[in-house]
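Engineer: Okay, here's the structure, questions in a sec.
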Amino acid sequence: MKILLIADDDTLKKKISEHFKPKGHGIINYTNPLKGMNNFEEIEPEFVLFNATDFPRHWKIANYFLKQDIPHVNPVFILMVDDEFPMEEVCKAVYLGVDAIISDDYEGEEYLKHLDQLFARFYSSQVEIQQPLLLETPETRIDFMFMNPENFQLATGKLTQLSTEGAGFKPDKPEAVFPLVKGTILEGCSLRTEEGIITIKAEILNNSGIMDLRFLSFSDNGEELLKNYIRDKEQK
């Protein structure tokens, strides 16, 4: 696995390198974000770790160029931020397709474990997702909603990935779900397809602005309806 780190923090660079190189991963570091962007096509990294604290004005264009330059690699862009990173910028990151947002507070082993989990999530997904299932038209968009158990507000959005085991959920308002942690159980989720509404109980596997969900149970014949929906989409 090839990891491109764009950061100026020497301690962070050392920690990332010492942790991932023994695992057999290639680590390439740039302290100049423009030079890093210019070499996306040559390097073809599977993962880009971008420290927005060091380079707050460059992460948006870096994410854009990464996805445009090497779409065949399906690269993952992970944004590293500090506690001062505004919620408005978090919302922009989710809207622009940033794959994950993590703290740049790298003290302690938990930080590196979190990175390991993120890489595992994207490199060999915890939930088997079948694609392509979602089409960007009003007729085939899959809407998903649930009641936030922390504040009892309705969270709405669309599914970015889908299988009978789980899904990826992109909220309309990321700030409405950002505090929800891994392991949170979501009761009475509603998944709407053109065939109708399916009620689901789900568990949050990961929440970095875009959620990974595991489906725990379905009401009535919901699982059968979902299987039929996925099968129909795969045949088209």
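Read the figures in this text as sums done on the coordinates, not as results from a lab. Not measured: the values here are computed from a predicted model. When we count neighbours, we look across all protein chains shown, and the Cβ atoms used for this are built from the backbone with ideal geometry, even at glycine.
Engineer: Using only the alpha-carbon atoms of the chain, report the extent along each of the three principal axes, biggest first, to the nearest angstrom.
Structural biologist: Answer, in whole Å and largest first: 55, 40, 32 Å.
Engineer: Going highest first, how would you order 43-50, 97-104, 57-64, 145-152 by mean Cβ packing within 10 Å?
Structural biologist: Details: 43-50: 21.5, 97-104: 19.0, 57-64: 17.4, 145-152: 14.1.
Going from most to least packed, we get 43-50, 97-104, 57-64, 145-152.
Engineer: Follow-up. Counting only DSSP beta bridges with both residues in the chain, what percent are antiparallel, rounded to the nearest 5?
Structural biologist: On the way: 32 of 50 bridges.
Close to 65 percent.
Engineer: A follow-up question, please. Say the cut-off is 18 Å between C-alpha atoms; which of Lys113/Lys201; Lys2/Lys67; Lys67/Lys113; Lys15/Lys60 go over it?
Structural biologist: Numbers: Lys113/Lys201 28 Å; Lys2/Lys67 16 Å; Lys67/Lys113 26 Å; Lys15/Lys60 25 Å.
The answer is Lys113/Lys201; Lys67/Lys113; Lys15/Lys60.
Engineer: Here's another thing I want to ask about it. Assuming 0.36 nm per residue, please report the length gained on full extension of the stretch Asn151 to Glu187 beyond their Cα-Cα distance.
Structural biologist: Stretched out fully, the Asn151 to Glu187 stretch lengthens by 11.6 nm.
Engineer: So for each of 199-207, 84-92 I average, over its residues, the number of other beta carbons within 10 Å; can you give me the resulting order with the highest mean first? Write out the running numbers ahead of the final one.
Structural biologist: On the way: 199-207: 18.7, 84-92: 13.3.
Output ranking for 199-207, 84-92: 199-207, 84-92.
Engineer: Treating the beta-carbon of each Lys and Arg as +1 and of each Asp and Glu as -1, no other charges, what is the dipole magnitude of the chain about its Cα centre, to the nearest 20 debye?
Structural biologist: Numbers: 25 positive and 40 negative charges, 94 e Å.
Charge dipole, the chain, about its Cα centre: 460 debye, nearest 20.
Engineer: Further, regarding this structure: Along the Cα→Cβ direction, 7 angstrom out, place labels at Arg214 and Lys21. What is the inter-label distance in nm?
Structural biologist: With each label point 7 Å from Cα toward Cβ, the separation is 3.5 nm.
Engineer: Just from its helices, what would the mean residue ellipticity at 222 nm be for the chain, if runs of 4 or more DSSP H residues each count -39500 (n - 2.57) and the sum is divided by every residue, rounded to the nearest 500 deg cm²/dmol?
Structural biologist: Rounded to the nearest 500, it is -8500 deg cm²/dmol.
Engineer: Classify the range 1-110 from the C-alpha gyration tensor, please: rounded if a/c falls under 1.5, else prolate or oblate depending on whether a/b exceeds b/c.
Structural biologist: On the way: a/c = 1.58, a/b = 1.03, b/c = 1.53.
Judged from the Cα gyration tensor, the range 1-110 comes out oblate (a/c at least 1.5, b/c at or above a/b).
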